[in-house]
1. Is the protein assembly as shown best put as rounded, prolate or oblate by its Cα gyration tensor, with a ≥ b ≥ c the root eigenvalues, rounded for a/c under 1.5, and otherwise prolate when a/b is larger than b/c, oblate when not?
2. Which whole-number percent is the relative contact order of chain B (Cα, under 8 Å, 6+ apart)?
3. Farthest toward the dipole's positive end in the protein assembly as shown, which of B:38, A:19, A:99, given Cβ charges of +1 (Lys, Arg) and -1 (Asp, Glu) about the Cα centre?
4. Modelling each spin label as a point 7 Å along the Cα-to-Cβ direction, I'd like the residue A:54/residue A:16 distance in nm, to one decimal.
5. When the Karplus curve 6.51 cos²θ - 1.76 cosθ + 1.60 is applied with θ = phi - 60°, which whole-Hz ³J(HN,Hα) does each residue of the stretch A:53-60 get, with x for Gly and Pro?
6. Shape of the stretch A:30-102 from its Cα gyration tensor (a ≥ b ≥ c, root eigenvalues): rounded if a/c is under 1.5, otherwise prolate when a/b > b/c, or oblate?
7. Under unit Cβ charges (Lys, Arg +1; Asp, Glu -1), what dipole magnitude, rounded to 20 debye, does chain A have relative to its Cα centre?
8. Residue A:46 to residue B:20: FRET efficiency via 1/(1 + (r/R0)^6), r the Cβ-Cβ distance, R0 25 Å, to the nearest 0.05?
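Coordinate-derived values only; no laboratory data. Please read these numbers as outputs of a predicted model, since none were measured by experiment. Here the Cβ positions follow ideal geometry from the backbone for every residue, glycine too, while neighbour counts run over all protein chains shown.
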Amino acid sequence: GNSVTQMEGPVTLSEEAFLTINCTYTATGYPSLFWYVQYPGEGLQLLLKATKADDKGSNKGFEATYRKETTSFHLEKGSVQVSDSAVYFCALVPGTYKYIFGTGTRLKVLA
Amino acid sequence: NAGVMQNPRHLVRRRGQEARLRCSPMKGHSHVYWYRQLPEEGLKFMVYLQKENIIDESGMPKERFSAEFPKEGPSILRIQQVVRGDSAAYFCASSPPGDRSQPQHFGDGTRLSIL
């Protein structure tokens, strides 16, 4: 079946630290992969996406590369800010519309 | 704000009552999806609708839950005879017609609390 596994949080970092949030997936075929961010009390906002192997999605300093060989889509940012504190969700769409989300990783950035 | 609009933002019901959650998709979007998020968990797909049609309701409980997307007006997720386990955040998402692989745009959710 299709599934997404994210590293467990919470992740606590100091401002300007390097961020990695791991995401691995199991899927048949060639899914599209997404990262969404959820700020407190809000809905999910699309952060970045990749639709095929070796694609790199990037936005607001965040990056993730679709690695088919390792079935991974790790989220990275070189220098986090306090305003990046949120919950991050990795998601896959296995060729259709039914998003499959990971359980989310809470990030807390300290000033 | 031309995004996905959900109301109410917060809804409190007593056990046995009915809950109605509304979702207006983004302008020009004709596909609506409902997801449920239990505390400290990811979102789980419930149902996918197009105007006047339920396309996929495989994630929706068979009893007490129903969804509609009428020709006019918002999509409605209805939960009858609510129980404590229905307490969750319910999110609506929409996408444009045609390519269903386009990213879904999410509303801010309705947080349902059952007393």
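1. Numbers: a/c = 1.89, a/b = 1.44, b/c = 1.31.
It comes out prolate by the Cα gyration axes.
2. Values: 291 pairs, mean separation 42.1, N = 115.
The normalised contact order for chain B reaches 37 percent.
3. B:38
4. 3.7
5. Karplus values, whole Hz, x for Gly and Pro: 4, 6, 5, 10, x, 8, 5, 6.
6. Working: a/c = 2.48, a/b = 1.35, b/c = 1.84.
It is oblate, given that a/c is not under 1.5 and a/b is not larger than b/c.
7. Values: 10 positive and 10 negative charges, 61 e Å.
The calculated dipole for chain A is roughly 300 debye.
8. Details: r = 28 Å, r/R0 = 1.10.
E(calc), rounded to 0.05, equals 0.35.
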